[in-house]
Amino acid sequence: MGFTERQEALVSSSWETFNQNLPFYSVLFYTFILDKAPAAKGMFSFLKDSNEVPQDNPSVNAHAEKVFGMVRDAAVQLQAKGEVVLGDSTLGIVHTQKGVVGPHFTVVKEALLKTIKEVVGDKWSEELSVAWETAYDELAVAIIKEMS
Ligand code: HEM
Ligand code: ISQ
């Protein structure tokens, strides 16, 4: 069975909740990433000069918004046509140049799922988590393909 309307709706509604409190959740997202991969800090131009994840920083928020928005868009694409096509052909090059490697994608995925768990609170379910995971995995594969 492909990506269902129900899965797409689960991703979209929690993505909206994420966006409603973007400054809070984006800091949480980076914090989860840096807990697992402290060295990743030096990769991000807007993180490398501070000890903590900067609060109320437009770049921090905008980048997190972009990543979550792209996963949500991947869910919409999967439901509509069964595949994810990257809109931005520079993504492979950007990540290669920043020194991103395969295992980083697992770190970001776990941080994304933990963030969503906080976003939805007691509305969390295995089904919701699998929907986000599936959309993220398909998007990651599309980016990794462009990196090689
Ligand atoms: C840059 C998306 C995975 C590290 C970017 C940009 C986008 C993006 C859209 C360009 C941002 C801009 O300047 O407009 C994604 C998505 C991912 C993903 C959708 C997963 C599905 C990763 C992973 C890492 C990573 C796994 C490694 C920890 C970076 C870095 C930059 C970047 C270091 C440059 C940031 C800067 O400007 O300093 N990513 N990314 N990304 N990404 Fe990712
Ligand atoms: C990956 N790529 C670009 C921006 C990001 C922001 C936060 C976490 C991961 C990211």
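Structure notes:
- Of the listed residues Val71, Val108, the order by accessible area with a 1.4 Å probe, largest first, is Val108, Val71.
- Remark: region 5-147 carries 55 Å² of accessible area per residue (probe radius 1.4 Å; ligands, DNA and RNA excluded).
- Of the residues Gly87, Gly69, Gly42, the one that moves most in a GNM of the chain with alpha-carbon contacts below 10 Å is Gly87.
- Exposed-loop-free span, longest in the chain, where trypsin sites (Lys or Arg not before Pro) count as exposed if DSSP calls them loop and at most 15 other C-beta atoms lie within 10 Å: 99-148
- Here is what passes the span test in the chain: the DSSP H helices with alpha carbon length of 20 Å or more along the helix axis and a Kyte-Doolittle mean of -0.5 or above are 22-36, 58-81, 102-120, 126-147.
- Our summary of shape: the Cα atoms of the chain have principal axis extents of 45, 38, 23 Å, ordered from largest down, in whole angstrom.
- Spatial separation of Cα centroids for region 80-124 and region 26-71, in angstrom: 13 Å
- Whole-percent carbon and sulfur share, accessible surface of region 5-147, 1.4 Å: 53 percent
- Cα pair distances exceeding 16 angstrom across region 75-148, given as percent: 55 percent
- Springs join every pair of Cα atoms under 10 Å in this Gaussian network model of the chain, and among Trp15, Trp124, Trp132 the largest mean-square fluctuation is at Trp124.
The values are calculated or read from the model by the stated rules, or taken from the named source; none is laboratory data. What you see is a predicted model, and the numbers here were worked out from it, not measured in a lab. Glycine also receives a Cβ, built like all others from the backbone with ideal geometry; neighbour counts cover every protein chain displayed. Calculation scope for accessible area: heavy atoms of the full protein, side chains included, ligands and nucleic acids excluded. Shrake-Rupley method; radii C 1.70, N 1.55, O 1.52, S 1.80 Å.
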